[in-house]
1. Filter the stretch 237-256 for residues that are open to solvent by 60 Å² or more (accessible area, probe 1.4 Å) and over 24 Å from the mean Cα position of the chain (by Cα); which is nearest to PHE169 (Cα to Cα)?
2. Residue pairs, Cβ under 9 Å, 6 or more apart or interchain, first in the stretch 242-257 and charged (D, E, K, R), second part of a strand (DSSP E or B) and more than 8 Å from the ligand (Cβ to nearest atom). List them.
3. Of the residues that sit in the stretch 175-209 and are hydroxyl-bearing (Ser, Thr, Tyr) and over 23 Å from ASP256 (Cα atoms), which one is least open to solvent (accessible area, probe 1.4 Å)?
4. Output the residues belonging to the stretch 210-226 that are within 12 Å of the ligand (Cβ to nearest atom) and open to solvent by less than 30 Å² (accessible area, probe 1.4 Å).
5. Select, from VAL220, VAL199, VAL272, the only residue that is farther than 27 Å from ALA101 by Cα and in contact with a Phe, Trp or Tyr (Cβ under 9 Å, 6 or more places away or on another chain).
6. Please name all residue pairs, on different chains or six or more residues apart, with Cβ atoms under 8 Å, provided the first residue is in the stretch 179-201 and is away from the ligand (no atom under 16 Å from the Cβ) and the second residue is of a type in the set (Asp, Glu).
7. What tally of residues in the stretch 160-174 results from selecting those that are open to solvent by 50 Å² or more (accessible area, probe 1.4 Å) and more than 15 Å from VAL227 (Cβ to Cβ)?
8. Starting from residues that are more than 12 Å from the ligand (Cβ to nearest atom) and open to solvent by less than 60 Å² (accessible area, probe 1.4 Å), keep the ones in the stretch 257-267 and report whichever is nearest to THR230 (Cα to Cα).
Amino acid sequence: MATIAGADQLAGERSRPVYTRVQVLGLLLVAATLLVVAAIAIATEPAAAGEVVGFIGPIAAAALLTAWMAWRFGTWARIIGIVVSLGVAFMMFWTVFGLAAPDSFADFVLGVGVPTGILLGVGGGIAALVAGRRGRIQAGPARGEQRLVRGILVVVAVALAVSAVLTIFGRTSVDPALAAGATTVDMSDFEFVPAVIEVDASDPRLVVTNSDAFLHDLAVPALDAIVRVTPGSSDLLDLTGAAPGTYTAYCTLHSDTRVADPTEAGMAATLVIR
Ligand SMILES: [Cu+2]
């Protein structure tokens, strides 16, 4: 009897419902994406890295653990895989906006990897549960499933390669002749430097440089002005004609523009036009 039970167990380990592979791939894609972005953050934003890794690390660990469980165990582990995927979707829904920024590699990696991983984690999990109930079990990878997995990985790899090229070769700088006399603002470690930007009303032009690996912008909603600056780029924001006064400048991607106080709003600064 013991031998038969052992053989059953062995068979159970080797054969899984079809689409289990897809769910595991989804969870691994989420984890891999987050680890890549954590590595970029550690390498390029030392001051902000702790915060980024503190947020990303536990989610990546949960995705990895769940991927292993969905691979190793049965129905309950696939349900946990679906729940964890939905949890990641809830916490990281904003990553999808990165799809709009192929010229900012770190943002685009998140935009491609996390939503794709979530879709596969949920979709693959549900399909595996249904297949398991219908007794559609396989010992090795089914051909259709294998093709799907390979196709997704190729599309992701091509998209990331294009993004890397756009990020590196799409960098912009401001002509030194145009930059002469303008006020410089740096975006570094998810902060504006200086935190109080002072300009003269006679020449309120800003040369805004993004020193981070993530996309930023500088927006002054009260003046209806915005400039988007990709990683490693500099761009000019011309505020000529703006009335003297004190304004709040935001990175709309990393702040709450409804908060007027720049010290409370996230990535924001005070702009003084004299
Ligand atoms: Cu920003």
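1. Applying the filter and picking the extreme gives ASP238.
2. ASP256/TYR250; ASP256/GLY266; ASP256/ALA268
3. The selected residue is THR183.
4. Scanning the stretch 210-226 gives ASN210, ASP212, ALA213, PHE214, LEU215, HIS216, ASP217, LEU218, ALA219.
5. The unique qualifying residue is VAL272.
6. Correct list of pairs: GLY181/ASP203; ALA182/ASP203; THR183/GLU198.
7. 6
8. Step one: list which residues in the stretch 257-267 are more than 12 Å from the ligand (Cβ to nearest atom), which gives 258-264.
Remaining after also requiring open to solvent by less than 60 Å² (accessible area, probe 1.4 Å): 259, 262.
Working: VAL259: 24, PRO262: 22 Å.
Ranking the candidates gives PRO262 first.
The values are calculated or read from the model by the stated rules, or taken from the named source; none is laboratory data. Not measured: the values here are computed from a predicted model. Neighbour counts are summed over all protein chains in view; Cβ atoms, including those assigned to glycine, are modelled from backbone coordinates with ideal geometry. Quick note on the areas: whole protein, heavy atoms, side chains included, nothing else; ligands and nucleic acids left out. Shrake-Rupley method; radii C 1.70, N 1.55, O 1.52, S 1.80 Å.
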